[in-house]
């Protein structure tokens, strides 16, 4: 009986290797990870607070990001798709979040070619955000929130994700 054991184990290993890879939607899905802050200085030596927004992304076909030369339609300047990552900024006033478009931001996430046959892209994206102090060396806000979303190259829009309340030091 034990003389067939190596063959049985070999067959089990082969069958395990033949599993189909898990598939994900071609529409990107994002989820908020964290928001960290630290005091630092800008290039001119002025004191600032730097925030780092981190979120997790899954895209089934890995078509996230833009190349530097992606500047013709639909990614041409002045269109909604020129940038592919959008942050909406909110401040808290008496416990109610109010949109503050001065803090809105848009970014061009660079294109990364997924390797291998399975093009699913799973990654963490980090965004650095600078907060400037006023003349009294105080931040302009004490409580903020960001909502954000991303477009893939096929112009699929991800879910809208939120940081929730962020209390700045």
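Side notes on the structure shown:
- Sole residue being touching a residue at least 60 places away in the same chain (Cβ under 8 Å), surrounded by 13 or more Cβ atoms within 10 Å (Cβ to Cβ) and in contact with a strand residue (DSSP E or B) (Cβ under 7 Å, 6 or more places away or on another chain), chosen from 89, 55: 55
- Residues of the range 120-136 classified as surrounded by fewer than 15 Cβ atoms within 10 Å (Cβ to Cβ) and in a loop (DSSP other than H, G, I, E, B), total: 3
- Matching residues, the range 137-160, being surrounded by 15 or more Cβ atoms within 10 Å (Cβ to Cβ), modelled with pLDDT of 90 or more, touching a strand residue (DSSP E or B) at 6+ places or on another chain (Cβ under 6 Å) and assigned to a loop (DSSP other than H, G, I, E, B): 158
- Considering the conditions (1) under 21 Å from residue 31 (Cα atoms); (2) in a strand (DSSP E or B); (3) more than 13 Å from the chain's Cα centre (by Cα), residue 112 is excluded by exactly one of them, (2).
- Residues in the range 9-26 that are surrounded by fewer than 15 Cβ atoms within 10 Å (Cβ to Cβ) and assigned to a loop (DSSP other than H, G, I, E, B) were compared, and the one that is modelled with the lowest pLDDT is 18.
The values are calculated or read from the model by the stated rules, or taken from the named source; none is laboratory data. Worth saying up front: this structure is predicted, and the values here are computed from it rather than measured. Every residue, glycine as well, gets a Cβ built from its backbone with ideal geometry; the counts of neighbours run over all protein chains shown.
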